[in-house]
Amino acid sequence: MAAFSFDEQFEAPRFYNRISEIENDSLFYDKFAMPIVPKAFDTIVITECLHATENSSVYSGYFVDRQGKRYEEYDVAFKFGDDGQLCLEAEKYDKMSKLQGKAIPRLIGLAFAKRTRGGYLGCLMTEKFGSSLDCKLISLARSEKAIILNHLQAIHDKRLIHADFKERNILQRGAEFRIVDFDHMRETHKCTASGKAVDFTEQPESLSVEDWDVICAYVRVPGLDMDFWDDGMFFVKGYIWKKDGLPSGRIMKLLFPRALHAKYDDGVSDLLLRYFKHVQILLETGRHDLEYLKAHINEIAAQVEKEWRRSTSKPLARSTRPAPARPTRSHRGVQVARS
């Protein structure tokens, strides 16, 4: 059994505070309790709520012994939620035991607590590692993207698919990264890739036909989404763009003129191409930085649109279509901008 208390600075979340549902402020451990933390440290001190949703609440904290001595080696993340779901997640951590402390956080244990309203609440205890990524994956350095893709590949090599690969599920501490949250993980993946070992730190900047077959789509697609490879083309908002005379894919996505794109059915690819070439000129001249351009997207787009309307004799049709979906590499009906 383990009791728990709260740090003086702890502020309970307004909603989904799972700890308030526990009877008698105590937990009992399950078979996944690992001998990482000595048994003498039998009290948990909760310091902060990191995340609270309808499905689970995650808190940070640490262990102390009966004399109040703190266990210094690990701070801990305590994830409270459905007992059955967290038991399944603990089993997935167990299957990835060799990846713990490398690609994923260390599993400390699984505990349960009685609910005041009946039934049990699960508590998955893991090493608290850094904090959630505070930027888009696409904005990371290529070397950082390679580390994350190697972690994803290591999980895939266990025949597991993460299935919720988002920034919120990637933790960063300095130059290190960990992948978390295996609620949606799939365990029945039958990979059709060649099975050849892949190290993304050694991957060339362009994706070859051979690598296309070697890297499983469940790893390749996240790599494409974060612009890990540079193959001379951009995939932006349903269009394929040649890179000649254009900004980077990250900048194009950041400065995409949504209002302008939604305005017309005909000729919009030519209009967008003009817009991005104009943006590239502004960047190359150094007159304005990226933050300025981001704040003045609509004005810049309006100026380009005005010049475009003067130069075209084609009747302009207002748009009645929804915004196009992002294409995949296998999609053949995507619009291609002319350069």
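A few remarks follow.
- Each 5 Å bin from 0 upward holds the following percent of the Cα-Cα pairs of segment 72-140: 4, 15, 21, 20, 17, 12, 7, 3, 1, 0.
- Considering all different alpha carbon pairs of segment 1-129, the Kirkwood hydrodynamic radius works out to 14.7 Å.
- q = 0.20, 0.33 Å⁻¹: log10 I(q)/I(0) that the Debye formula gives for segment 169-209, counting C-alpha atoms only: -1.04, -1.06
- FRET efficiency for the R287 to L254 pair, using the beta carbon distance and R₀ = 22 Å, is estimated at 0.75.
- Heavy atoms of T116: accessible area, 1.4 Å probe, square angstrom to 10: 90
- Using a probe of 1.4 Å on the protein chains alone, the accessible area found for L290 is around 40 Å².
- Histogram of C-alpha separations across segment 45-95, 10 Å bin width, %: 22, 41, 31, 5
- Whole-percent P(r), segment 78-184, all Cα pairs, 5 Å bins from 0: 2, 12, 22, 23, 18, 11, 7, 3, 1, 1.
- Residue pairs exceeding 28 angstrom between C-alpha atoms, taken from K263/K294; K79/K196; K92/K190; K39/K145; K39/K98: K79/K196; K39/K145.
- Near F6, the amide H atoms lying under 5 Å from its own belong to I46; only residues 5 or more places off or on other chains count, and H is placed 1.01 Å from N.
- Heavy-atom surface analysis with a 1.4 Å probe gives segment 35-86 a carbon and sulfur content of 45 percent of its accessible area.
- The 1.4 Å probe gives accessible areas that order F177, F15, F6, largest first, as F15, F6, F177.
- Largest first, the residues K190, K136, K253 sort by 1.4 Å accessible area into K190, K136, K253.
- Residue-normalised convex hull volume from the C-alpha trace of segment 161-235: 123 Å³ per residue.
The values are calculated or read from the model by the stated rules, or taken from the named source; none is laboratory data. Note that this is a predicted model, so its numbers are computed, not measured. Cβ sites come from the backbone with ideal geometry, for glycine too, and all protein chains shown count toward neighbours. Heads up: the accessible areas ignore ligands, DNA and RNA and are worked out on the full protein's heavy atoms, side chains in. Shrake-Rupley method; radii C 1.70, N 1.55, O 1.52, S 1.80 Å.
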